[in-house]
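First comes the structure, then the notes that go with it.
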Amino acid sequence: MLLNKKPLKDKLVSKRIRGEKWDYKQVNTMVKRMYVVTPWEVKGVVDYKDLIKQFGLKPLNEEILTRIKKYTGNLHYLLKRRIFFAHRDLDWLLNEYEKGNKFYLYTGRGPSGHVHLGHLVPWILTKWLQDNFDVKLYFQITDDEKFLFKDLDLEKVKSFAYDNILDIISLGFDPEKTFIFLDTEYGKTLYKEAIRVAKHITFSTAKAVFGFKNESNIGEIFFTSIQAVPAFLESVKEGRNVPCLIPLAVDQDPHFRVARDVLPKLGYYKPALIHSKFLPGLGKGGKMSSSNPETAIFTLDTPDQIEKKIRNAYDGGQPTLKEQREKGGDPAICPVYQYYFFLFEPDDRKIKEIYTECKAGERICGDCKQVLAARVKKFIAEHQKKREKAKNVIDKFMLRD
Ligand code: TYM
């Protein structure tokens with residue numbers, strides 16, 4: 001949504017909007033836009049069409065989906081429903097694939113806490129891509145990033161890293177083709193490539209893209225060079241250019257905007273990207289985020305916690321049963337509906353049914369939440385069993401210097 005207000009003066013340091021604190025630069029951006037998306041912060045209600053323009057992305061259109069289907073024979077619902085909604089150079093990547101130049105996948109996790117359901121969205125598509133294109137995957141765990149950007153010590157970040165890796169393995173990635181690493185444990189390999197990248201990024205570019213200030217520590221400023229490395233690591237290892245595809249949610253795009261400028265200068269391909277929308281939190285508006293634990297579902301939550309969070313979720317229903325029957329609900333603003341849509345109702349016919357029943361007032365929020373809670377609890381219980389098993393196979397996946 002675009003607004004038309006006058007910019008605030010620089011001297012105004014911050015303002016509270018819908019209970020959130022925004023600094024004046026963000027408020028001034030909001031003069032045009034009601035939301036902010038950066039790798040470290042997502043605020044407001046994201047207008048994805050507008051974001052495509054703002055970031056210079058390409059929409060994931062019918063034509064490109066048909067091309068993917070040509071190789072895979074089917075399409076994941078995350079693609080069909082445009083939960084993955086945009087890309088960079090996916091058409092080029094498919095051209096290369098057609099010529100026999102197979103790609104590899106790269107994605108990652110910043111281990112600042114436990115994994116929530118939102119994180120699983122890009123990883124589920126990554127797994128589908130690995131299975132359907134039979135390709136390698138590099139999975140970067142940026143423990144350095146979370147140490148540098150958050151108030152966490154290295155030991156804590158490392159323990160989150162190993163905890164999060166259990167979630168990643170539980171999704172079923174191929175142990176023969178999946179390489180997971182912590183930046184601090186794979187530094188010998190990463191560092192010499194990262195400095196090649198860093199030499200091409202000026203402080204002024206880093207400031208413009210990431211909004212660094214004089215108070216930012218110098219590790220933060222350097223960090224994007226480390227996140228760039230896995231985008232050409234396979235080319236370094238193979239001694240020839242190998243195309244790379246990065247599934248991610250759109251908040252991580254700025255890192256790769258920078259990487260895509262630099263990599264050709266080092267003789268490598270620009271990585272292709274495929275961008276997901278954000279699974280919302282269970283509150284009113286905003287993405288699922290670890291900073292709001294009451295409205296996020298973590299993979300370690302107990303059945304009681306899940307039940308309670310979903311019961312208390314904001315919903316698109318009417319205040320009374322009578323009104324719900326008469327006017328119907330509004331799935332467009334309902335996080336409960338979004339949970340079905342993103343993760344818990346893969347059947348296209350059934351998701352349409354949920355939508356139309358809700359609009360027609362035939363579906364009552366309490367029942368809808370109960371069904372969802374049962375599905376989430378079942379999924380998490382199975383996931384937690386897989387996490388236990390994953391403990392025995394971690395070493396099969398890890399890359400260390
Ligand atoms: P991190 O740990 O913040 O997030 C991991 C992945 O989850 C995505 N994500 C979400 N997707 C859907 N809905 C949400 N609510 C949601 N919240 C987060 C993120 O976009 C990300 O894809 N610096 C990165 C780690 C990283 C990385 C990468 C990510 C290193 N290399 C390459 C993607 C691709 C980070 O802190 O991600």
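The values are calculated or read from the model by the stated rules, or taken from the named source; none is laboratory data. Model, not experiment: these values are computed from the prediction. Note that we place each Cβ from the backbone using ideal geometry, even for glycine, and neighbour counts take in every protein chain shown.
Below is a table of values for the structure above.
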read-out: The listed residue being among the acidic types (Asp, Glu) and within 30 Å of GLU382 (Cβ to Cβ), out of ASP47, ASP151, ASP131, ASP89; value: ASP131
read-out: Residue, farthest from the ligand (Cβ to nearest atom), within the range 118-158, restricted to residues that are part of a strand (DSSP E or B) and of a type outside the set (Phe, Trp, Tyr); value: LEU137
read-out: Check on VAL242, over 20 Å from the mean Cα position of the chain (by Cα) and in contact (Cβ under 8 Å) with a residue 60 or more places away in the chain; value: yes
read-out: Qualifying residue in the range 75-94 (condition: out of contact with any Phe, Trp or Tyr (no Cβ under 9 Å at 6 or more places or on another chain), assigned to a helix (DSSP H, G or I), more than 16 Å from the ligand (Cβ to nearest atom) and not hydroxyl-bearing (Ser, Thr, Tyr)); value: yes
read-out: Residue among ASP163, ASP131 that alone is of a type in the set (D, E, K, R), surrounded by fewer than 20 Cβ atoms within 10 Å (Cβ to Cβ) and within 26 Å of VAL242 (Cα to Cα); value: ASP131
read-out: Counted residues, the range 199-228 - those being out of contact with any Pro (no Cβ under 6 Å at 6 or more places or on another chain), of a type in the set (A, V, I, L, M, F, W, C), within 16 Å of the ligand (Cβ to nearest atom) and part of a helix (DSSP H, G or I); value: 7
read-out: Only listed residue being in a loop (DSSP other than H, G, I, E, B), surrounded by 13 or more Cβ atoms within 10 Å (Cβ to Cβ) and either of a type in the set (A, V, I, L, M) or at pLDDT 95 or above (or both), chosen from VAL27, VAL42, VAL31, VAL46; value: VAL46
read-out: Test result for THR142, in contact (Cβ under 8 Å) with a residue 60 or more places away in the chain, in contact with a helix residue (DSSP H, G or I) (Cβ under 6 Å, 6 or more places away or on another chain) and β-branched (Val, Ile, Thr); value: yes
read-out: Test result for ALA231, within 12 Å of the ligand (Cβ to nearest atom), farther than 19 Å from TRP128 by Cα and in contact with a Cys (Cβ under 6 Å, 6 or more places away or on another chain); value: yes
read-out: Residue list for the range 96-112, filter: more than 9 Å from the ligand (Cβ to nearest atom) and either of a type in the set (Lys, Arg) or assigned to a loop (DSSP other than H, G, I, E, B) (or both); value: LYS99, GLY100, ASN101, LYS102, PHE103
read-out: Single residue of SER216, SER112, SER170 found to be under 30 Å from THR295 (Cα atoms) and surrounded by fewer than 17 Cβ atoms within 10 Å (Cβ to Cβ); value: SER216
read-out: VAL236 being surrounded by 19 or more Cβ atoms within 10 Å (Cβ to Cβ), part of a helix (DSSP H, G or I), more than 10 Å from the ligand (Cβ to nearest atom) and touching a residue at least 40 places away in the same chain (Cβ under 8 Å); value: no
read-out: Qualifying positions in the range 249-282 - in a helix (DSSP H, G or I) and aromatic (Phe, Trp, Tyr); value: PHE256
read-out: Wholly within the range 283-401, helices (runs of 4 or more DSSP H) carrying at least 2 residues that are in contact (Cβ under 8 Å) with a residue 24 or more places away in the chain and under 27 Å from ASP174 (Cβ atoms); value: 365-390, 394-397
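Conditions tested, residue by residue: (1) farther than 24 Å from HIS255 by Cβ; (2) out of contact with any strand residue (DSSP E or B) (no Cβ under 7 Å at 6 or more places or on another chain); (3) among the aliphatic types (A, V, I, L, M).
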residue: GLY56; (1), (2), (3): no, yes, no
residue: LYS80; (1), (2), (3): yes, yes, no
residue: ALA86; (1), (2), (3): no, no, yes
residue: LEU105; (1), (2), (3): no, no, yes
